[in-house]
Each structure stands twice: as structure tokens, then as C-alpha cells.
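**Q** First, the structure itself, so that you have it in front of you.
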Amino acid sequence: MALMFRRGIESSFLPNMLLPGEPAFAMDSNKLWVGDGTGTAQQIPLMSQVQSAANTAAASAAASAAASAASAAVAAALTDTGWQTFSYLSPFSNYSGASTNAPRVRKIGKLVELRGTATHAQTSSSVDLVMCILPANFRPQASSVLTLCQGTGNATWLMTITTNGDVSVSRYRTTPTTSTGLQTGTYAPFPSNVWLPFSVMFFID
């Protein structure tokens, strides 16, 4: 013999009519309740509701995981090393002997900033000298970085940062600028006690 539930349409359903454990079925909405003995009834979730809740939970978990991964990627991209100080190579040294003029480098993500003020202890016949060497994780990876810097008076010089970390000075000259604003003359050796300030920013790749 078939088991018969209390049944009818949902609008006529009366929870207080159910005995404890007695089921009731709404034939128009396919909802199922079970009496709990307190005059109310607990609805049994439909399979579609269970599946929808599972899908919502899965989507929420996936979104949370994606957000965490994106947050971690952003944090890694913006990692700040803080300022790190290193030393010049002889015969270069801190200008006026001040520790604040030592070469300093900082990297935020892939952006590197290099600062310092150097001097040259002796007159050199060379026109291309390595001033210092960048730590390995601050070096450009694809190609050298070239920056024109201003020295004492009308002096200018070229800073080159290579992929192996060499920071060199070259093309030093002091010839006054012409009326056209262009500098003329040949490159000269570095004089002693020259003022060589620099501040350069570049991406490592």
C-alpha cells in the first residue's frame, strides 16, 4: 500500500496541524514540510535549492581565492626594499666625505631609484670610469640605462648603468654653452675633487 502524505496546495497549508514527524507536501509548489511538534513545521530543501546553495558557495570560494591571489600579486609587485647604501670604487668617494652622499638605491616593484653625490680623488686621463657597482637585484635586465647629469658649473657627464651592474661616468666636459644653448668642445679627463651628483630612476626590465 502506498504511503500517503498530508497534501494540498501551499496556500492552504497549516503547520500547526502536523504531528511531530508528520510530513506534508504542497502539490502546486513541490515543497515538503515535516512537523516538529511545536505547532510549526520545518521545510525540507528542494534539490534545486541545495544545488543553488552549493553553486553559490563554490562561486564565493572561487571569487575569494581569486581576490586573494590578486592581492598577493599586487603586494609582490609593490614590494619596497627601502633605501640600501653601498660604496663607490676608488678613486671615487662620497663628495665632501659626507655619508649622506654615498650611493643609495631603492626598488619598489620593478622601479629602481639610484641617488648619490660622488667626487673623484685625482685627475684621470681616462674618459670612461666605473664609479660603483649596483647590487644584483637592482640592475637593469634588458639593456643599459643612460642618463645625462649636471656637474660643477657648466660641466656635464653621462652616467651609464649596465646589465652587469657597472655604474660608469663618461663624456665629461666643461666647455661653456653657446648662445644657442648647445654645449661644444671635446670630452675631457676627470679633474680631482669634481662634483658628480646623480639621481636616476629606471625599470629593471
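The values are calculated or read from the model by the stated rules, or taken from the named source; none is laboratory data. Everything numeric in this text was worked out from a predicted model, so none of it was measured. Cβ placement follows ideal geometry from the backbone for every residue including glycine, while neighbour counts extend to all protein chains displayed.
**Q** Give the residues of region 1-26 that are outside any helix (DSSP H, G or I), exposed (fewer than 11 other Cβ atoms within 10 Å of the Cβ) and under 60 Å from the mean Cα position of the chain (by Cα), sorted by residue number.
**A** GLY21
**Q** For region 108-134, what are the residues that are under 20 Å from ALA77 (Cβ atoms) and surrounded by fewer than 19 Cβ atoms within 10 Å (Cβ to Cβ)?
**A** Result: ILE108, GLY109, LYS110, LEU111, GLU113.
**Q** Whether any residue in region 72-90 is in contact (Cβ under 8 Å) with a residue 40 or more places away in the chain, among the aromatic types (Phe, Trp, Tyr) and not in a strand (DSSP E or B) is what I want to check.
**A** yes
**Q** Exactly one condition in (1) aromatic (Phe, Trp, Tyr); (2) under 30 Å from LEU114 (Cβ atoms); (3) at pLDDT below 75 is false for PHE5; which is it?
**A** Only one criterion in (1) aromatic (Phe, Trp, Tyr); (2) under 30 Å from LEU114 (Cβ atoms); (3) at pLDDT below 75 is unmet by PHE5, namely (2).
**Q** What tally of residues in region 34-65 results from selecting those that are within 30 Å of LYS110 (Cα to Cα) and at pLDDT below 80?
**A** 0
**Q** Another question, then. List every residue pair whose Cβ atoms sit under 8 Å apart, with the two residues 6 or more apart in sequence or on different chains, where the first one lies in region 49-62 and is within 24 Å of ASN30 (Cβ to Cβ) and the second, anywhere, is modelled with pLDDT under 80 and surrounded by 10 or more Cβ atoms within 10 Å (Cβ to Cβ).
**A** Correct list of pairs: ALA53/PRO45.
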